[in-house]
Amino acid sequence: MIFPSKPPRWPAALCAAAVFAHAAAQTEQNPPPLVKVAVAQQVAMAPTLLVPGTVVSRDDAKIAAEVAGRLIAVLEIGTSVAKDDALARIDDRELLLAKAESEAVLIREKTQLVFADQELERLSALVKKGLISSSQLDQAQSNRDAARAEQQAAQAKLDLINDRISRTIIGAPFAGVVAQRYRRVGEHVESGEEVLRLVNPSAVEIQVRVSANSLPFIPAGTPVVVNGSPSTQVDSSVKSVVPVGDDVSRLYDVRLYLNERAWPAGTTVRVAMPTADPRKVVAIPRDALVLRTDGIAVFKINGENQAVKVNVKTGIAAKDMIEVIGEIQVGDRVVVRGNERLRAGTQVEIIDE
């Protein structure tokens, strides 16, 4: 009976070489995944509450007529105007007639004053010669003073009419756009009656209403983040707080700075308003979070460039940074790109560290 011979025993060195060669071949076939990392930081953050707000114009006025009359011109909605441009005109024919009458009265009073001055001068000479009594001179003095007062009254009446004529042209108190018309050409308006609405689209700010509990945490200058549509964020800060609450809603008016190119007036936004004092937390970019069925995880990279899975809980968020609670320390490298398919222990190659 012939027994099969035993398989040859290879030297240990040859076995190790074969293992390393196989690993190298596997590495060449499956190179380590490329990832991008960021460093966990300690930052000061405050819890926030998203509060609705509205972009409003700082210059938004309902322009009223200053004299009564019939409208003969009103600008169309959407018309852009510069400061002092005419927005509307009121018929001034009646005032022009009154002006002509006042000018005639003023000429008459000036003539009366000249005659009174001449009469006073003539009687003064006669009194010095003793030809008339001083009482006649006193009467002439009184007549001259009355004529001067009548001239001043006529001049004042003319100035008043000229002022009313100038107010028949309703001018723009600031540069803006006609947003609404309340009266049409041909309609009669009274003094103080609204004619149109003028809005300056280049001077905008954000109006937010908050509860009294938020007031201690939003003094003037407090930085805030404004979320608009479509999915845009801008940095802003508190401009002013009106410390008087609304009688009905019990909310307080807060105004925020805004660049006029961000959103037009009337846009609805959401503002992340602080609800407590800032505190120091460990924060990482939002992109480092991996959302899975078993919870939220973060992959950090150890000294051997291996991925370590860490389960975390999230806390305060501000823009693209978010607080993490777990085994993440300040200075840890966390994966922000390429973390979707990582597994614990995976060897990685870091790019753009």
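For this structure, a couple of remarks:
- Within the stretch 50-80, if we keep just the residues that are β-branched (Val, Ile, Thr) and farther than 20 Å from residue 266 by Cα, the residue that is surrounded by the most Cβ atoms within 10 Å (Cβ to Cβ) turns out to be 74.
- Exclusive hit being farther than 30 Å from residue 204 by Cα, outside any loop (DSSP other than H, G, I, E, B) and at pLDDT below 90, set 296, 350, 322, 284: 350
- Test for residue 76: is it in contact (Cβ under 8 Å) with a residue 40 or more places away in the chain and charged (D, E, K, R): yes
- Subset tally (residues that are more than 30 Å from residue 228 (Cα to Cα) and part of a strand (DSSP E or B)) for the stretch 26-52: 2
- Residues satisfying the stated conditions in the stretch 22-50, i.e. modelled with pLDDT of 50 or more and among the hydrophobic types (A, V, I, L, M, F, W, C): 34, 35, 37, 38, 39, 40, 43, 44, 45, 46, 49, 50
- On inspection, residue 55 qualifies as touching a Phe, Trp or Tyr at 6+ places or on another chain (Cβ under 8 Å) and assigned to a strand (DSSP E or B).
- Filter result for residue 92 (in contact with a Ser or Thr (Cβ under 6 Å, 6 or more places away or on another chain) and either surrounded by 15 or more Cβ atoms within 10 Å (Cβ to Cβ) or modelled with pLDDT of 95 or more (or both)): yes
- Which listed residue is touching a residue at least 40 places away in the same chain (Cβ under 8 Å), among the aliphatic types (A, V, I, L, M) and touching a strand residue (DSSP E or B) at 6+ places or on another chain (Cβ under 7 Å), from 210, 234: 210
- Matching residues in the stretch 155-178 - criterion: being under 26 Å from the mean Cα position of the chain (by Cα), crowded, with 18+ Cβ neighbours inside 10 Å and part of a strand (DSSP E or B): 176, 177, 178
- Listed by first and then second residue, the pairs with beta-carbon distance under 9 Å, at least 6 apart or on different chains, first residue in the stretch 238-263 and more than 17 Å from residue 228 (Cβ to Cβ) and modelled with pLDDT under 90, second charged (D, E, K, R) and surrounded by 16 or more Cβ atoms within 10 Å (Cβ to Cβ), are 246/209; 249/209.
- Test: residue in the stretch 42-60 that is among the aliphatic types (A, V, I, L, M) and over 30 Å from residue 252 (Cβ atoms): no
- Under the condition of being more than 30 Å from residue 213 (Cβ to Cβ) and buried (at least 19 other Cβ atoms within 10 Å of the Cβ), the residues counted in the stretch 311-327 number 0.
The values are calculated or read from the model by the stated rules, or taken from the named source; none is laboratory data. On a predicted model such as this, the values are computed, not experimentally measured, just so you know. All Cβ positions, glycine included, derive from the backbone under ideal geometry; neighbour counts span all protein chains shown.
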